[in-house]
Amino acid sequence: MALVMFDYDGVIVDSLEIFTSRFTQACRENGFKEVKAANDVLGLFEGNVYETMMSRGLDESTIDNILKRYEVLQGGQLADLELFNGIAEALERISEKHQVYVITSNLSSATIRVLNQNGIECFIDVIGAEKEKSKIKKIHNTMSLHPGIPAYYVGDTKGDMIEGEKAGTQTIGVSWGWHTPQKISEGSPDYLVNSPEELVDLLLKV
């Protein structure tokens, strides 16, 4: 048995277009003008998205306001989000052997709503940005609940790989998400998989 923690956007759900549209609007309405297009959004995820925003001059209260506004803006489009092909089945199979969680920079309530509307109920918990902005801290906290077993973090961005490694997990990059395999490789993942089926094969051998 292992602990397997999943990112949400770009790993489970194909959300880049909606996220970009609504997140950039929320940023713009709160005076953060640097984020205008998909490439700007993707650049934020080369590290922890919220730490990157703070490094560009935003304080925590402004980031919280952006998150609150984003929650409202994305709410009307949650039903439009689609899972990546094969990921629902993959999650169910992985959860039969391992302890699985979602650790995301998105909001827990929105994540849970989309998972539930797609019949996915195999996660022990969903830990979003409103609970803690640092993925490293969220991963550490989750690992403390399951001591003594191997831990993995599955993500789709360079930042995911960096944070997973810093938190002490083995990292698995997926090639179907927001960052290209080349960009993910800059984060030195322990593994890189090209399909949900390949992810299942890898994790069922653990």
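Miscellaneous remarks
- Checking each residue in region 100-117 for being in a helix (DSSP H, G or I) and touching a residue at least 24 places away in the same chain (Cβ under 8 Å) picks out SER109, ALA110, THR111, ARG113, VAL114, LEU115, GLN117.
- Selected residue [among the charged types (D, E, K, R), modelled with pLDDT of 95 or more and surrounded by 21 or more Cβ atoms within 10 Å (Cβ to Cβ)] from ASP190, ASP160, ASP201: ASP160
- Residue ranges of helices (runs of 4 or more DSSP H) in region 48-99 with at least 2 members surrounded by 20 or more Cβ atoms within 10 Å (Cβ to Cβ) and in the same structural domain as ARG28 (by TED's automatic domain parsing): 49-55, 60-75
- Matching option when the condition is exposed (fewer than 15 other Cβ atoms within 10 Å of the Cβ) and under 16 Å from the mean Cα position of the chain (by Cα), among THR171, THR180: THR180
- Scanning region 10-38 for residues being assigned to a helix (DSSP H, G or I) and of a type in the set (A, V, I, L, M) gives a total of 4.
- Flag if VAL41 is surrounded by fewer than 19 Cβ atoms within 10 Å (Cβ to Cβ), outside any loop (DSSP other than H, G, I, E, B) and either at pLDDT below 95 or not assigned by TED's automatic domain parsing to the domain that holds VAL154 (or both): no
- Some residue of region 55-65 being aliphatic (A, V, I, L, M) and under 21 Å from TRP178 (Cα atoms): no
The values are calculated or read from the model by the stated rules, or taken from the named source; none is laboratory data. Note that the coordinates shown come from a computational prediction; the quantities given were computed from them, not determined experimentally. Here the Cβ is made from the backbone with ideal geometry for all residues, glycine too, and neighbour counts use every protein chain on show.
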